[in-house]
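J.: Got a structure here, written out as structure tokens. Questions coming.
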Amino acid sequence: SQSSSASTGDTKPRIGVTVTNASDYFTQPVQQGVLPNGAYVTIVETGSPADKAGIQAGDIIVEADGTVITTTSQLINILQSKNVGDSASIKLYRSEGLKDAKTMDDIKDGSYKDVTVELAILDNVKQ
């Protein structure tokens, strides 16, 4: 099936997440070592490879293919070097309720989880 990417030119495969730097979003917790630095996932597109792999909004991606991630651009560079159908090994840190945490006291101890994500071309149209 042909998929056209009209004027976006978005032909790079993606995993379907929106990320921000954990150190910007959770400056104090990261500085104090309460949370790891990495790419903080704010949105996971429904039905995307990330969704299928079990990545959730509120996760912090700390490693991709064995490379420690401290900024979103590092993660994006690793993913953009791949082709459709390639897989990425992702290590993430998950703390339940993190995306709703308002203060340091709201942050619970989390755990690390390894997932494998397959990259795909994702159209802007939600299927």
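J.: What are the radius of gyration and Dmax of the chain, computed over its Cα atoms and given in Å?
T.: Just the Cα atoms of the chain yield Rg and Dmax of 15.0, 50 Å.
J.: Please list, by residue number, every one of the chymotrypsin sites (Phe, Trp or Tyr not before Pro) in the range 11-41 that is coil in DSSP and has at most 10 other beta-carbon atoms within 10 Å.
T.: none
J.: Using Cα-Cα distances under 8 Å and only pairs 6 or more residues apart, what relative contact order does the range 67-127 have, in percent?
T.: 37 percent
J.: What's the extension gain from Val115 to Tyr25 if we count 0.36 nm per residue and subtract their Cα-Cα distance?
T.: Full extension from Val115 to Tyr25 adds 30.1 nm.
J.: How many lysine pairs does the chain hold where the Cα atoms are under 19 Å apart and the two sit 8 or more places apart or on different chains?
T.: 13
J.: Further question on the same structure: I need the calculated FRET efficiency for the pair Lys102 and Ser73, taking r as the beta carbon distance and R₀ as 30 Å, to the nearest 0.05.
T.: 0.60
J.: Next question, about the same structure. Calculate how large, on average over all directions, the projected area of the Cα convex hull of the range 35-85 is; give the answer in nm² to one decimal.
T.: Hull-based average projected area comes out at 3.8 nm².
J.: Which of Ala88, Pro36, Val68 sits farthest toward the positive end of the charge dipole of the chain, with +1 on the Cβ of Lys and Arg and -1 on the Cβ of Asp and Glu?
T.: Final value for the positive-end residue is Ala88.
J.: Would you tell me the accessible area of Val84, worked out with a 1.4 angstrom probe on the heavy atoms of the protein chains, in Å² to the nearest 10?
T.: 90 Å²
J.: Heavy atoms only, probe 1.4 Å: what % of the accessible area of the chain goes to carbon and sulfur, would you let me know? Intermediate values should be presented prior to the final figure.
T.: Details: 3230 of 7260 Å².
After summing per-atom areas, the C and S share lands at 44 percent.
J.: When only C-alpha pairs under 8 Å and at least 6 residues apart count, what is the relative contact order of the range 1-121, in percent?
T.: Result for the range 1-121 is 27 percent.
The values are calculated or read from the model by the stated rules, or taken from the named source; none is laboratory data. It should be emphasised that the depicted structure is a prediction, and the values quoted were computed from it without experimental measurement. All Cβ positions, glycine included, derive from the backbone under ideal geometry; neighbour counts span all protein chains shown. Surface accessibility is based on the protein's heavy atoms, side chains included, excluding ligands, DNA and RNA. Shrake-Rupley method; radii C 1.70, N 1.55, O 1.52, S 1.80 Å.
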